[in-house]
Every structure is written in C-alpha cells, then in structure tokens.
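Only one structure is covered here, and it is reproduced in the block below.
The values are calculated or read from the model by the stated rules, or taken from the named source; none is laboratory data. These numbers were taken from a predicted model, which means no experiment stands behind them. Backbone-built Cβ (ideal geometry, glycine too); neighbour counts: all protein chains shown. To get the accessible areas, we keep the full protein, side chains included, count just its heavy atoms, and leave off ligands, DNA and RNA. Shrake-Rupley method; radii C 1.70, N 1.55, O 1.52, S 1.80 Å.
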Amino acid sequence: MVPLTSLNKSWEKVLKGEFSKGYFLELQDFLRNEAKNHTLFPPSHNLFNAFNLTPFENVKVVILGQDPYHGVGQSHGLAFSVLQGTKIPPSLHNILKELVDDIGCDYPQSGDLTHWAKQGVLLLNTLLTVRSAQPLSHQNRGWEQFTDEVIRTLSREREHLVFILWGAPAAKKSALIDGTRHLILKAPHPSPLSSYRGFFGSKPFSQTNGYLREWEISEIEWKL
C-alpha cells in the first residue's frame, strides 16, 4: 500500500532511514489491511504526489495541511488541492479568496494547486492517507512521525524556506523548525469556522514572496 518505489529519488535519499523503522513497518501493515476492507484516499499512485512534484532540493515553501480529503474524486496527494473539475471545498475557497485579496489576481477557475507544487511549494499533509468518508481515521498510526521527520529534515538541511502553518495543530509543528534559518508564518485555519479570526488579511502569499526576494530566491507565481 505504501509504494516506496514511486517516491522521488531526492526524497528517498534524505528519508531512507525512516523506511526501516518499526513505526513505518507497522504503518505499512496497517495500510495493507485497511486497503482490503476500505477505500482509501488518495489513490495509491498519488500517495507521494507532493514529494514527486516538489523534489527535496526544489522546496522553497511548505504549506502544511492535516489529512487528505475523504470524498470521492477530491484528494490527489497535495494538501488543500483538488483535481481540476472538482468542486472547491470550503477551506480551499477561503485560501483562494485570500489569494485574490493578497496579490490582486482573479479568482481561480480550478482548485488544482499543482502549479504551486511544481514551483517549489511542498503541499504536505500531516497524514498522507484517510479512509473514505472518515476524516482523521488514520491519525496516530505513524504518518505523523514520518511527516515530522520531513519537516525536521527540511529545517536542518535547507536554508531560507517559508513554512506556512494554518491552525493550531499546524502551529505546533513550529517546534520542529529552526526559526533563525527559516520564516514561519502562522495564522488561523482557513476553514469557515476560524477563517474570520485572522486568516483573512494574513497575506501569506505576498509575505512569502517578500522573504524569498530578500534572499534572492525566485518568487512563487501564485496566480492559478
């Protein structure tokens, strides 16, 4: 169920120590059994889509989500993103509204964020899988340990990255990041329940490009 052979070689190199650890072997067994009885998202061929679209050495920005969308035809392995032609979910709608207000672009016609990923935006969910129609169903099974290591490795091995952490669970991950080497942007989650508590007006996109420009790193073309 965990198709490690499909993982981008740059990520395989920096994360290879994780795949033989007990927690990851248990996670593989869990997912193998889950797949026998349930539909899981994203489809297995998209499991490492975020890593494969954004190789380790290309990462400029990390946007952290929680777990994949759990509806049919939504999740394709990128946090917050949905496939072209799919109805835009509420949190993503608010992200795109903030994008329009922040950089002055038109509202996107699609919620597919692949364009961001290809430019160096790692759209990383804390959990990489979910059971159909059951949000957070794969919590505390090992994915958190794996994605924490992803964040630690990026913090340790790279410089001048931007980490965008929306909501309290994401904000806690700042403990894994060296704030003297990277920019950490925190704001409330873009969900309808919390977006008006400070997400709107937080200007993450222009702040990110301002930081990248300061370090003479090519900016992200956020317009979709």
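Taking the stretch 81-105 as the search range and keeping residues that are under 17 Å from ILE220 (Cα atoms) and in a loop (DSSP other than H, G, I, E, B), which one is most open to solvent (accessible area, probe 1.4 Å)?
GLY104
Between residues in the stretch 186-198 that are free of Cβ contacts under 8 Å to residues at least 60 places away in the same chain and more than 11 Å from LEU92 (Cβ to Cβ) and residues that are among the hydrophobic types (A, V, I, L, M, F, W, C) and loosely packed, with under 14 Cβ neighbours inside 10 Å, which pairs lie under 7 Å by C-beta distance while being six or more apart or on different chains?
Between residues of the stretch 186-198 that are free of Cβ contacts under 8 Å to residues at least 60 places away in the same chain and more than 11 Å from LEU92 (Cβ to Cβ) and residues that are among the hydrophobic types (A, V, I, L, M, F, W, C) and loosely packed, with under 14 Cβ neighbours inside 10 Å, there is no close pair.
Taking ASN58 as the residue in question, decide whether it is over 20 Å from TRP143 (Cβ atoms) and crowded, with 18+ Cβ neighbours inside 10 Å.
Taking the combined requirement at face value, the residue does not satisfy it.
Which one of these is of a type in the set (A, V, I, L, M), open to solvent by less than 10 Å² (accessible area, probe 1.4 Å) and not in a helix (DSSP H, G or I): LEU123, LEU128?
Numbers: LEU128 fails: open to solvent by less than 10 Å² (accessible area, probe 1.4 Å).
LEU123 is the lone residue from the list that is of a type in the set (A, V, I, L, M), open to solvent by less than 10 Å² (accessible area, probe 1.4 Å) and not in a helix (DSSP H, G or I).
Residue pairs, Cβ under 8 Å, 6 or more apart or interchain, first in the stretch 200-223 and under 14 Å from VAL62 (Cα atoms) and open to solvent by less than 50 Å² (accessible area, probe 1.4 Å), second assigned to a helix (DSSP H, G or I) and aromatic (Phe, Trp, Tyr). List them.
Here the result reads ILE220/TRP116; ILE220/PHE205; TRP222/TRP116; TRP222/PHE205, each pair linking the stretch 200-223 to a residue that is assigned to a helix (DSSP H, G or I) and aromatic (Phe, Trp, Tyr).
For the stretch 54-80, name all the residues that are polar (S, T, N, Q) and either under 9 Å from the mean Cα position of the chain (by Cα) or outside any loop (DSSP other than H, G, I, E, B) (or both).
Answer for the stretch 54-80, where residues must be polar (S, T, N, Q) and either under 9 Å from the mean Cα position of the chain (by Cα) or outside any loop (DSSP other than H, G, I, E, B) (or both): ASN58, GLN66.
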